[in-house]
Amino acid sequence: MKRKYEVVVIGGGIIGCSIAYYLAKEKVEVAVLDSGSIGAKTTSAAAGMLGAHSECNENSSAFFPFARESQKKYFELKDELYALSGVDIGYREGGILKLAFSEEDIHALNHLLVRPTVEWLNESEIRKMEPGLSPDVLGAAYIKDDVNVIPTRTCESFAKSAQTLGTQFFEYSHVYGIEKQDGNYIVQTANGDIEARHVVVATGVFSKALFKNLGITEELTPVKGESIIVHYEKPVLTHTLFHDSCYIVPRNNGKLIIGATMVEDDWSDTVSLQGVNFLIEKANTMLPAASAFKIAGFKVGLRPGTFDGHPFIGRHPEEERVLIASGHYRNGILLAPETGQMICDFILDKEIKSEWVEAFRVDRRQYMRV
Ligand code: GLY
């Protein structure tokens, strides 16, 4: 292992791989370290919905414009990454139908329906679109632009593209500390020390230990998500169905994902019967044909939760060459491109939208009005 890099990115999930890609495009010398294999933890459990609209529950924050920019980036990335890596990210159009079963649900969709990119579909319109839907559905917010990708392939595609452009990847290289020495940083790994001019912490919920090591007082808490993968023989669904933070996502690999539970403060990576029961019930409520689906497997991952549900993206409050990109909660896949671009811009001292810098800074809590 070479011992000195311009940037060491800790974490080889989709966030770390996207950061490496954007830096590599700028010819920056990068090493990515992961304690296991690339994309094998939380990234591998994600459904891959690019839900810029569907995951945004208020209109006032910086989250929506940031998420929307990130979502739009995928449109070009899918070809750009394929050309460099030969890996197809599984970009699938169709969009999301956010379903309403009650007047209360309709009311909760109002904030979305003010957007020109979201359309209300009544009962008969929606049934023409998805004939298999439950007869209890009253209508839906149709979000055409909330397309989906296959997360493991997307992560692999970012990693292979970065590698093609010169980034080095070191798997099974657990990082247990970062120390400052002569103006640079020494990243201490199970395989020895590596020196870096800049360090990026992008290990999702597992950044918690490094936060402590770096004197960052903010917490990252796990919100476990369990999902069921099912086969389907003929297309029973062309759009993603979404209700109450649960969803059924059709993928272009002959599988559907039924997800996901929200189990707070659970560090285990096991799937519970309670979780499976909950998901089956939710799936049947949206799509009665779901009970006939054949199970292909289960997925589980730990979403990195933050105090306000938004990620930490920015410089360490006291160490400007230590960057944080963690806490993407339900939206790691969606936010990966813009997070990669933003961290790259911080490192290269380029201009970044001040609303984004403020909204995602690590120490924002102390500047927030209560
Ligand atoms: N992005 C959906 C989820 O975290 O379940």
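The values are calculated or read from the model by the stated rules, or taken from the named source; none is laboratory data. Note that the structure is a prediction, hence the values are computed from the model and not measured. As a convention, Cβ positions derive from the backbone with ideal geometry for all residues, glycine included, and neighbour counts pool all protein chains shown.
Summary of computed values
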| item | result |
| --- | --- |
| Counted residues, segment 315-344 - those being buried (at least 23 other Cβ atoms within 10 Å of the Cβ) and away from the ligand (no atom under 14 Å from the Cβ) | 10 |
| Flag if residue 357 is β-branched (Val, Ile, Thr) and farther than 18 Å from residue 367 by Cβ | no |
| Lone qualifier among 98, 72 - being within 16 Å of the ligand (Cβ to nearest atom), under 20 Å from the mean Cα position of the chain (by Cα) and modelled with pLDDT of 95 or more | 98 |
| Complete set of residues in segment 249-264 that are away from the ligand (no atom under 16 Å from the Cβ) and either in contact (Cβ under 8 Å) with a residue 60 or more places away in the chain or under 30 Å from residue 208 (Cα atoms) (or both) | 252, 253 |
| Yes/no for residue 185 being in a strand (DSSP E or B) and surrounded by fewer than 16 Cβ atoms within 10 Å (Cβ to Cβ) | no |
| Elements of type helices (runs of 4 or more DSSP H) in segment 34-137, at least 2 residues being without any contact (Cβ under 8 Å) to a residue 24 or more places away in the chain and either surrounded by fewer than 16 Cβ atoms within 10 Å (Cβ to Cβ) or β-branched (Val, Ile, Thr) (or both) | 63-85, 103-108, 123-129 |
| Residue check for residue 277: away from the ligand (no atom under 16 Å from the Cβ) and over 23 Å from residue 305 (Cα atoms) | yes |
| Residue match in segment 355-366 (condition: within 16 Å of the ligand (Cβ to nearest atom), touching a residue at least 24 places away in the same chain (Cβ under 8 Å) and more than 30 Å from residue 182 (Cα to Cα)) | no |
| Residue 205 vs. criteria in contact (Cβ under 8 Å) with a residue 60 or more places away in the chain, away from the ligand (no atom under 16 Å from the Cβ) and either under 24 Å from residue 174 (Cβ atoms) or crowded, with 24+ Cβ neighbours inside 10 Å (or both) | no |
| Filter pass, residue 289 being modelled with pLDDT under 95 and of a type in the set (A, V, I, L, M) | yes |
